[in-house]
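In what follows, a structure is listed as structure tokens, so that the remarks can point back to it.
Derivation of every value follows stated rules applied to the coordinates shown; laboratory data play no part. In this text the structure is predicted, and so the values were computed from the model without any measurement. Note that each Cβ is placed from the backbone with ideal geometry, even for glycine, and that neighbours are counted across all protein chains shown.
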Amino acid sequence: MNITRFAPSPTGYIHLGNVRSAIYPYLIAKQSDGGKFILRIEDTDQARYVPGATELIVETLTWLGLDWDEGIIKGGDHGPYYQSERRDIYHEYARKLIATGRAYADPTPGDVIDAYRKADNEAKIPYLYRNHRPENMDLAWEPGIPLRFKSEPSPMKWHDEVMGDLETGPEVMDDIVLIKKDGLPTYNFAHIVDDYEMQVTHIVRGVEYLSSMPNYLAIYKALDIEHPKFVSLPHVLAPQGNKKLSKRDGAKSVTEYRDDGVLPEAMLNYLACLGWNDGTEQEIYSKEELLEKFSIDRIQNSGARFDEVKLLWQNGQWIRKIFDEQGVDELYSRTISADPASISSNKANPTRDSLINFWPDSASEYSDEYKKSVLAIIYDRLKVLSDLREYTNYFFEEPRVDLEYLQNNKFIKKLSETEQRDLLTAVFERLQTISKDDWTADNLQSTFNELLESTKKKPAELFSLIRIAVSYAPFSPALHLTCAVLGRDRTLARLNATRSAIVNDL
RNA sequence: GGUCUCGUAGUAUAACGGUUAGUACAUUGGGUUUUCAUCCCAACAACGCGAGUUCGACUCUCGCCGAGAUCACCA
């Protein structure tokens, strides 16, 4: 049975680099029988605390469908799940270390410590606090005085589930701070206590913690507790350069992608496969398939670059997949609400922007049924749902007649204006004979084919002319489908409007 | 600087020590009764370098080079 946790600090939004360290532990926990995924908030640094960050974390996980079994909001047997509320627990463990002589109170002022560091750096010797231990090592500790670990340097060996067998020499072990002046623990100490208390079996975190491992291992040993398995994830790199993805360099938050119309399925799929694969050539994975196929030993151990183009490609695949497998109603529900799940499952914590509308403003006065019929013919060319705003205007508002549009078209510009007028007249008159009841895509298709014969025009010429006359858009779905959805009245009116404009121009 | 990690096409990746080094995105070209997109076909394009082990190395070992991480009373 695997117990894992996602333990972010509430210091801002969650970007793509962070989410993977939520997805993988989620998969590891949920693919084992009775496994648990815990959400713990590491808020021991009050200076970096950003109001609203916790809500954003909850919102992101909920949107991605990474529901936790234990943690904030939900509760559980090992709470509280905010580290700031677990002070007494940390102090209890701290006193154990003091009792065994493995921790000491250190009142040395910060500026003195800085001076040590500066001197060592200038002397070009590695700065290690253990070389500067205070004179009085027996000072009684009480909250208000920093508490340090008393290291006993030795070589360390350990196993990492991703990186393999690792080892370091004694030179990296030091007297790290366990409890800060404000009485709260450092991450270094807090996570060890919490993971033990919460019975975590796998610590999944970024490789940046690798260099602290020897110190952590020493603390586990000093506390005489077993450590969980370590799963170190390589970095997600920014599109440019070789830096890891970071907020500083403008990494977008997960919620920004949601607001652009990226589906949670696609985000989960893309990120899970960034640095992991199951050895087959499969590209599209649902959450269920990931749960079935994910394995720690196939996690990549080199950094992976984030590629937005591929994310958007996968999103396009997912838009089609959802339409094909779950139907237009399901896809439509995604276009009017980015996250229906968060609204129902998270009433206690209503989130900002939980209702997102991806349609053009002019669509608001149209029925759901009409919008669904538009969606059904345009969905297979969407990369993100917000493409609807640009691609579907002409279904909801009258396009502006612009003859230049015709003149700039590579097919239509070959036709004279009189030819254009005559063709539109012919099309108009033929379509007029179709009754409202018979105005179906199939009938329109055969009618257009008839017109092709009777006018002796190439499809590229005739269809482009009609297409532009009814849409004035750079592109549109297949002509017969577009006209069928637009309806008889609108199609005829638009053909007529363009024809009149040409006549006036002559 | 110390310590640690990583290194297959532009990107993400595959390949019991034996393959014409595979796949996907991107790019380029072509095909489908219109456009854009989808879809289909094709092309381009990679084992960082050097030794060693071996009949044979992308794969194992060592060195080098390159890239990254970390060295806080931040996580």
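Overview of results
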read-out	value
Positive dipole terminus of chain A, leading residue within A:I284, A:N2, A:L184 (C-beta point charges)	A:I284
Difference of contour (0.36 nm per residue) and Cα-Cα distance, A:D67 to A:D361	102.5 nm
Mean residue ellipticity (222 nm) of chain A, computed from DSSP H runs ≥ 4 via -39,500 (n - 2.57), nearest 500	-13500 deg cm²/dmol
Between helix A:110-122 and chain A: long-axis angle, C-alpha atoms, 0 to 90°, nearest 10	80
Principal axis dimensions, largest first and in whole angstrom, of region A:86-233 by Cα	40, 39, 23
Extension gain from A:T100 to A:Y370, taking 0.36 nm per residue of separation minus the Cα-Cα distance	89.8 nm
Counting DSSP beta bridges with both ends in region A:160-303, the antiparallel % (nearest 5)	40
Region A:38-175 - share of DSSP beta bridges that are antiparallel (%, nearest 5)	75
Modelled FRET efficiency - R0 56 Å, A:N277 with A:N504, Cβ distances, 0.05 increments	0.35
Column: log10 I(q)/I(0), Debye, Cα scatterers of chain A, q = 0.08, 0.14 Å⁻¹	-0.65, -1.34
Ellipsoid semi-axes in whole angstrom, largest first, where each is sqrt(5λ) of the Cα gyration tensor of region A:34-101	27, 17, 8
Extension reserve of the A:E419-A:S333 stretch, reckoned as 0.36 nm per residue once the Cα distance is removed	26.5 nm
Listed peptides A:200-209, A:450-459, A:307-316, A:413-422 by packing density, highest first (mean Cβ within 10 Å)	A:200-209, A:307-316, A:413-422, A:450-459
Listed residues A:G75, A:G275, A:W158: farthest to the positive end of the dipole of chain A (Cβ charges)	A:G275
Span per principal axis, largest first, for the Cα atoms of region A:415-471 (Å)	35, 21, 16
Isotropically averaged projected area of region A:369-506, using the convex hull of Cα atoms (one quarter of hull area), nm²	8.1
FRET efficiency estimate (nearest 0.05) - Cβ-Cβ, A:D380 to A:A493, R0 22 angstrom	0.20
Largest to smallest principal axis extent of the C-alpha atoms in region A:43-162, angstrom	52, 35, 33
Kirkwood estimate for region A:139-190, i.e. one over the average of 1/r between Cα atoms, Å	12.9
Gyration tensor verdict on region A:163-320 (Cα atoms; rounded if a/c is under 1.5, prolate if a/b is larger than b/c, oblate otherwise)	prolate
P(r), alpha carbons of region A:369-438 - 10 Å bins starting at zero, rounded %	15, 28, 38, 18, 0
Label point distance in nm, A:K310-A:W158, each placed 7 Å from Cα along Cα→Cβ	3.0
When the convex hull of its Cα atoms is projected in every direction, mean area for region A:428-506 (nm²)	5.2
Share antiparallel - DSSP beta bridges, chain A, percent rounded to 5	50
Too-long pairs where the Cα-Cα distance tops 30 Å, listed order kept, from A:K30/A:K321; A:K30/A:K372; A:K321/A:K414; A:K372/A:K457; A:K229/A:K310	A:K30/A:K372; A:K321/A:K414; A:K372/A:K457; A:K229/A:K310
